[in-house]
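Reviewing the structure listed below.
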Amino acid sequence: MADALIHIEGLTKVFYTDEIETHALSGVHLTINRGEYLAMSGPSGCGKSTLLSIIGLLDTPTGGRYELNGKQVANLNFSDRSRIRNQEIGFIFQSFNLIGDLTVAENVELPLTYRAGMPAAERKRRVTEALERVNMAHRMRHYPAQLSGGQQQRVAVARALAGSPSILLADEPTGNLDSRNGEAVMKLLQELHADGATICMVTHDPRFAAHAERQVHLFDGKVVAEGELSQLLAEA
């Protein structure tokens, strides 16, 4: 546990709609260590995006424990979750989630504006460093519509990096990219991991999951072994 950044025990998530209970997560146990590159995969509807949302403090579990940096964060109120999310977690989404009427630099800077007490000069320094890291500093005055999909995803990675998060969460980061740009984003994530970043990625593509140093497979809301997943899929 000394190196554990994230420790999850018995995590459950139940959605209630029209008197129907949907058990998205059914007792997940998971530890992610500092500096680890983890890929989560499994069939559609297995709970991997729900789990990533809870890890990213975008959602709360129905039950179980979730510790981030040694602190219990499963049932924090909205404002505490927002504050910790802003400081500890960097998100890379499938759809980039860039704001169209902001420049590249403004998009990367936006999460930093919510950091109380961070001077403007420090924000600018972080923006420049993050864009240089993903080779997009030369496009900082451009708008998202002026960029290719691959370039937009690089900007999204820079936005995640600028806050110096404890972990990068990537939800199908290659989902809207062609194979060439998808491979380029995977190469960038590998470089960030080599530099010490902790990464947790959700992907349905086994080629991209293979880039991670450890793979976790989900099926029906539970973490299963790779051999067990193959058997369950064959029986489904």
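The values are calculated or read from the model by the stated rules, or taken from the named source; none is laboratory data. Just so we're clear, the structure is a prediction, and the values are computed from it rather than from any experiment. Cβ sites come from the backbone with ideal geometry, for glycine too, and all protein chains shown count toward neighbours. Areas reflect the complete protein model, heavy atoms only, side chains present, ligands, DNA and RNA absent. Shrake-Rupley method; radii C 1.70, N 1.55, O 1.52, S 1.80 Å.
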Just grab the label-to-label distance for F15 and S79, each label 7 Å out from Cα along the Cβ direction, in nm (one decimal).
3.0
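Please get the size of the charge dipole for region 73-158, origin at its Cα centre, with Cβ charges of +1 on Lys and Arg and -1 on Asp and Glu, quoted in debye to the nearest 20.
Numbers: 12 positive and 8 negative charges, 21 e Å.
That gives a dipole near 100 debye.
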Tell me, what % of the accessible area of region 9-135 is carbon and sulfur with a 1.4 angstrom probe?
50
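When Rg is the radius of gyration of the Cα atoms in region 57-175 and Rh is its Kirkwood radius, what does Rg/Rh come to?
Details: Rg = 15.1 Å, Rh = 15.1 Å.
A ratio of 1.00.
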Between region 1-39 and region 105-130, what's the alpha-carbon centroid distance in Å?
31
Segment S179-T60, length gained on full extension (0.36 nm per residue, minus Cα span):
39.4 nm
Cβ-based charge dipole, the chain, positive-most Cα from T198, L11, M136:
M136
Dipole of region 130-187, Cα-centred, from +1 at each Lys and Arg C-beta and -1 at each Asp and Glu C-beta, to the nearest 20 debye?
260
Would you tally the net charge around E132, using a Cβ to Cβ cut-off of less than 12 Å, leaving E132 out, and scoring K and R as +1, D and E as -1?
+4
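Can you give the charge dipole size of region 47-190 about its Cα centre, rounded to the nearest 20 debye, using +1 on the beta carbon of Lys and Arg and -1 on the beta carbon of Asp and Glu?
Working: 18 positive and 14 negative charges, 61 e Å.
That gives region 47-190 a dipole magnitude of about 300 debye.
Under 11 Å from the Cβ of Y143, count the other residues' Cβ atoms, weight Lys and Arg +1, Asp and Glu -1, and hand me the total.
On the way: positive: R139, R141; negative: D101, E106.
Here the charged neighbours net out to 0.
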